[in-house]
1. Starting from residues that are out of contact with any strand residue (DSSP E or B) (no Cβ under 6 Å at 6 or more places or on another chain) and at pLDDT 95 or above, keep the ones in region 158-171 and report whichever is nearest to residue 77 (Cα to Cα).
2. For residue 162, all conditions in the list (1) crowded, with 22+ Cβ neighbours inside 10 Å; (2) in a helix (DSSP H, G or I); (3) of a type in the set (Gly, Ala, Ser) hold save one; what is the number of the exception?
3. With respect to residue 261, determine if the residue is farther than 25 Å from residue 48 by Cβ, outside the structural domain of residue 171 (by TED's automatic domain parsing) and surrounded by 19 or more Cβ atoms within 10 Å (Cβ to Cβ).
4. Out of curiosity, is residue 256 of a type in the set (Phe, Trp, Tyr), at pLDDT 95 or above and over 21 Å from residue 147 (Cβ atoms)?
5. Mind listing whichever residues of region 123-147 are touching a residue at least 60 places away in the same chain (Cβ under 8 Å) and of a type in the set (Gly, Ala, Ser)?
6. Within region 279-311, which residues are within 16 Å of residue 57 (Cα to Cα), part of a helix (DSSP H, G or I) and hydrophobic (A, V, I, L, M, F, W, C)?
7. Can we say residue 229 is over 22 Å from residue 104 (Cα atoms) and at pLDDT 95 or above?
8. Testing residue 320 on (1) over 23 Å from residue 187 (Cβ atoms); (2) assigned to a loop (DSSP other than H, G, I, E, B); (3) among the hydroxyl-bearing types (Ser, Thr, Tyr), one condition comes back false. Which one is that?
Amino acid sequence: MSPISRRRLLHWSAAAVAAPALGSAHANAAAFPAKPVRILVGNTAGSGADVAVRIVARQLQDDWRQPVTVENRTGAGGLVAAEATARSEADGYTLSLSQEGAITIAPALQGKLSFDPLKDLAPVVHLADSDYVLVVNAATGWRTIAEMVAAAKKRPGAYSYASAGVGSLHHLAFELLKIERDFFFVHIPYRGGSQAVADVASGQAQAMWVSVTAALPHIQSGRLRALAIGGAQRSPLLPAVPTAQESIPGFRVTSWFALFAPVRTPAPVVERIAHDASATLRQPAVLEALRKQGITPVGGTPQQLAQLVRRDYERYARLSDRVKLASD
């Protein structure tokens with residue numbers, strides 16, 4: 001990793017670690033929120049991230065007795081919403097619901113951005129994960145990652161994998177798998193995940209990392225076979241499918257949803273939001289609503305979110321020689 005990249009991560013870690021030290025010194029967090037809170041979402045209405053944050057926002061609104069509004073600010077893979085948050089007043093009343101694309105993938109692979117997510121945003125809380133699953137066209141006959149890799153090594157270049165586009169999690173997850181197991185598949189990028197998974201199901205491509213909810217109908221129809229779950233635990237939607245970690249220790253593919261604030265937001269306010277959001281995620285009604293969407297609640301501290309971001313950034317930076325994303 002370059003010295004610049006290391007400085008960015010050290011800045012992020014230092015900001016997160018400072019939070020608890022300042023928490024007891026300020027009493028203003030006890031009065032938070034004293035006015036409406038807004039959450040800017042970089043995803044379209046109805047997407048997994050949008051649905052998840054609206055479920056949480058409704059409960060926080062009841063708990064805080066203040067309006068919590070969700071605004072969709074789409075564009076540039078979530079960077080529009082993240083940048084708008086970074087440039088907002090640092091008081092905790094404007095937050096961003098962001099994912100790995102804007103926070104770790106773009107800084108690692110896209111080159112110069114109009115702002116730096118790793119310096120201009122403060123980690124608040126890891127809300128939830130959406131598990132990915134490695135699927136293959138059922139006609140391949142592959143039942144494990146090892147069988148897929150063995151076939152690829154026998155016939156280099158004969159097989160392809162689909163993605164929702166260059167730089168998407170679908171794309172980068174498969175590239176990381178190729179590095180881990182030293183094999184080659186041709187990449188076929190699409191303009192969206194729906195057509196990509198449909199073409200794997202029809203045999204136009206042989207494999208894909210995709211969200212469990214998007215893959216499930218094709219798995220149930222018998223056109224796709226699930227080889228591995230990307231999360232740390234098996235999916236309740238596909239309990240018989242092993243995790244990738246069971247054969248490749250440490251290998252994970254999940255899309256995460258997290259709240260971020262402008263970097264100078266008072267640490268006690270950040271801690272208050274993280275605490276209350278985590279408590280919300282433990283409520284039975286919220287748990288059930290999220291799990292029905294195939295979303296796994298997480299929660300935790302700003303420091304834990306900072307560790308996740310650091311780990312993901314380092315992982316995607318490994319692909320800088322393979323993947324170059326154009327700046328908008």
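The values are calculated or read from the model by the stated rules, or taken from the named source; none is laboratory data. Keep in mind it's a predicted model, so treat the numbers as computed, not measured. Quick reminder, even Gly has a Cβ in these numbers, built from the backbone with ideal geometry, and neighbours come from all protein chains shown.
1. Among those residues, the one meeting the criterion is 159.
2. (2)
3. No.
4. Yes; evaluated as a whole, the condition is true for this residue.
5. Of the residues in region 123-147, the ones touching a residue at least 60 places away in the same chain (Cβ under 8 Å) are 123-140, 142-146.
Matches in region 123-147: 128, 130, 138, 139, 146.
6. 279, 281, 285, 286, 287, 289, 290
7. Here the answer is no, as residue 229 does not meet what is asked.
8. Unmet for residue 320, out of (1) over 23 Å from residue 187 (Cβ atoms); (2) assigned to a loop (DSSP other than H, G, I, E, B); (3) among the hydroxyl-bearing types (Ser, Thr, Tyr): (1).
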